[in-house]
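**Q** Following this message is one structure expressed as structure tokens.
The values are calculated or read from the model by the stated rules, or taken from the named source; none is laboratory data. Model, not experiment: these values are computed from the prediction. Every residue, glycine as well, gets a Cβ built from its backbone with ideal geometry; the counts of neighbours run over all protein chains shown. Quick note on the areas: whole protein, heavy atoms, side chains included, nothing else; ligands and nucleic acids left out. Shrake-Rupley method; radii C 1.70, N 1.55, O 1.52, S 1.80 Å.
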Amino acid sequence: MVVSETETTALRELLDRMVAAKQLSPVDAQIIASQPAGEDRTLVRSEEDVLRWLGEEYDVPFTPLDEVEPDKQVLSLFPARILLRDGLLPLRRVNGCIEVATSRLFATQGLDTLRTMTGLRLKAVLAPSEAIQREMKKRLGVGADTIDTLDEETSFQVVEEGDEEDTNLDTAAEDASIIRFVNQVLRDAIELRASDIHLEPFEDELRIRYRIDGVLQEVPVPAQVKRFQPAIVSRVKILSHLNIAEKRLPQDGRIKIRVDESEVDIRVSVIPMLHGEAVVLRLLRQSAMLRGMQELGMDAHEARSFRRVLGLPHGIVLVTGPTGSGKTSTLYTALQEINDSVRKIITIEDPIEYQLRGVNQIQVSEKAGLTFARGLRSILRHDPDVILVGEIRDQETAQIAVQASLTGHLVFSTLHTNDAPGALTRLVDMGVEPYLVASSLEAVVAQRLVRVLCTQCKQPDTSETAQALKAQLGFPPDTIVYRPVGCGVCRNTGYHGRRAIFEWMDTNQEIRRMVLNNRSSDEIREAARRGGMRTLAEDGWRLVRLGVTPPEEVLRVTKEQSPAGEIEVDAPAAPAPAEAAA
């Protein structure tokens, strides 16, 4: 078998990294690198392959940790900071000896330290470093080494919050261990693709949850972290330039951090609760790559309609949906499609989520008096061709946006309605004259995000419910409907990533007449269906048919519109949130 130069270089780099990390000896690295091309050579391509080879050479057991459940009692015998520092994971007691998973067979200092501290007999077991780190977070919790260190520092003590000001709190918040703990939580959330971090105080615990793919997942943290709750909240306040002495009123701030050469903008909200202050951090990745029109995932009909609208000289295009449904991403994709040297594009947003080269972007500042309405008026004097208004929140903004579209501007914006037809009646309810809505609004697209099945572990759903659903929706008999399972790749959730489903409505002549006659959104919906509009649920069933998402995801985000009204889809047993987030 011929081994390419690229494969040889990749193997060499892998071996060099493992030698530097004391996972491999230089002699063994040379033996592996010099293996002749052939069947044996193809076995060694990853860290796991090398560790398996080492296990055979040195007669050390190997486990991928997929089916091994570490014993909690055994784990509690060892200090967390040493386990995390040296990448050691105690597994279980076998014949009077404790098995300890490690990926660094030649870094013996950690095991020697544990033997000296505990006097126990320890036996090394090889396991991949990524699997060890995953189990560490799951069993010990995020920042366990930091909390372990704080527990030992008798000179540092968090004073309980009360009616009197805690004069030591800002000093405590600047403690290196507290700083490190908050940094670990932020980095962990970013690595897990979380959109939000929730710090929630209860009577006997400080719960931390991440919102990943639109669903909150609890993160394991050491139980003793509750003692340091005031200092952790104060550290977040210091980072976001808030008043740490104010504990009775809500506060809002922002943090900007750099992680691995990419910037993350964090919006912070602090609200007093019964057992302390709760904090929610919204993570906005400044370097997030915008998708092209092809990657939006629209069906051919909707994609053609979208491109047609982008070529219009004037009018309003609205994207509707709840918070976090991807409305802004869709609009930015549209702007990127028409961003060229002959158009002037100006946006006014709160916040600016993406930075587009060649687009003039304005950040709303309520404190400075720069509102959507005031900024929009100024934009019109700046000779734009295309305008993006982050959100139509009030009557004044809506009216200015409509007037802008009637004076030769193409206006994009978002609105909070449940579906596309509801946007027209919503504008009328906000005080815009029906004849202005009818003449200016060109199209409305409603959207939701459904979670995408993990490609590594999804399995065909052969249940009777799934078969009945296929029959009711008219799927071809050979269509395979999949269900989520859960594996190490998707962190036992069964899902990885999200994808949008769309409901595209063009405002044809019939719909314009209905708006002028103040007809209800239900009647407008029927007219739109006659004009070829597909509902959110119908677009969702398209993704089910393609094996992208399961039926319960479509039902979750389009409950009221599902044509499978009488069919109850049995959701598979979901993994424990703590396991999913670990």
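**Q** For the chain, build the charge dipole from Cβ charges (+1 Lys, Arg; -1 Asp, Glu) around the Cα centre, then report which of Leu284, Phe475, Ile271 sits farthest towards its positive end.
**A** Phe475
**Q** Please list 216-227, 446-457 highest first by mean number of surrounding beta-carbon atoms within 10 Å per residue.
**A** Put in order of decreasing packing, that is 446-457, 216-227.
**Q** Keeping all protein chains in the complex and leaving out DNA, RNA and ligands, what accessible area do you get for Val264 with a 1.4 Å probe, in Å² to the nearest 10?
**A** Solvent-accessible area, nearest 10 Å²: 0 Å².
**Q** Tally the DSSP beta bridges in the chain and give the antiparallel ones as a percent, rounded to 5.
**A** The antiparallel proportion sits near 65 percent.
**Q** Just flag the trypsin sites (Lys or Arg not before Pro) in the range 368-424 sitting in loop per DSSP whose Cβ has no more than 13 other Cβ atoms within 10 Å.
**A** When the trypsin sites (Lys or Arg not before Pro) of the range 368-424 are filtered for loop state and at most 13 Cβ neighbours within 10 Å, Arg381 remain.
**Q** Can you give the accessible area of Arg211, probe radius 1.4 Å, in Å² rounded to 10?
**A** 70 Å²
**Q** With a cut-off of 8 Å between alpha carbons and a minimum separation of six or more residues, what is the relative contact order of the chain in percent?
**A** 10 percent
**Q** With all protein chains present, how much of the accessible area of the range 203-341 (probe radius 1.4 Å) comes from carbon and sulfur, to the nearest whole percent?
**A** After summing per-atom areas, the C and S share lands at 50 percent.
**Q** Counting other C-beta atoms within 10 Å, and keeping those with at most 10, which DSSP coil chymotrypsin sites (Phe, Trp or Tyr not before Pro) do you find in the range 287-365?
**A** Sites meeting the loop and neighbour criteria: none at all.
**Q** Take the cross-link list Lys327/Lys458; Lys22/Lys123; Lys72/Lys123; Lys137/Lys256; Lys344/Lys367 and give me the ones stretching past 21 Å between alpha-carbons.
**A** The answer is Lys327/Lys458; Lys137/Lys256; Lys344/Lys367.
**Q** Still on this structure, please answer the following. Which of the cysteines in the chain are isolated, no other cysteine C-beta under 4.7 Å?
**A** So, Cys97.
**Q** A further question on this structure: Looking at the range 340-444, which GluC sites (Glu not before Pro) are in a loop (DSSP not H, G, I, E or B) and have at most 11 other Cβ atoms within 10 Å?
**A** Glu366
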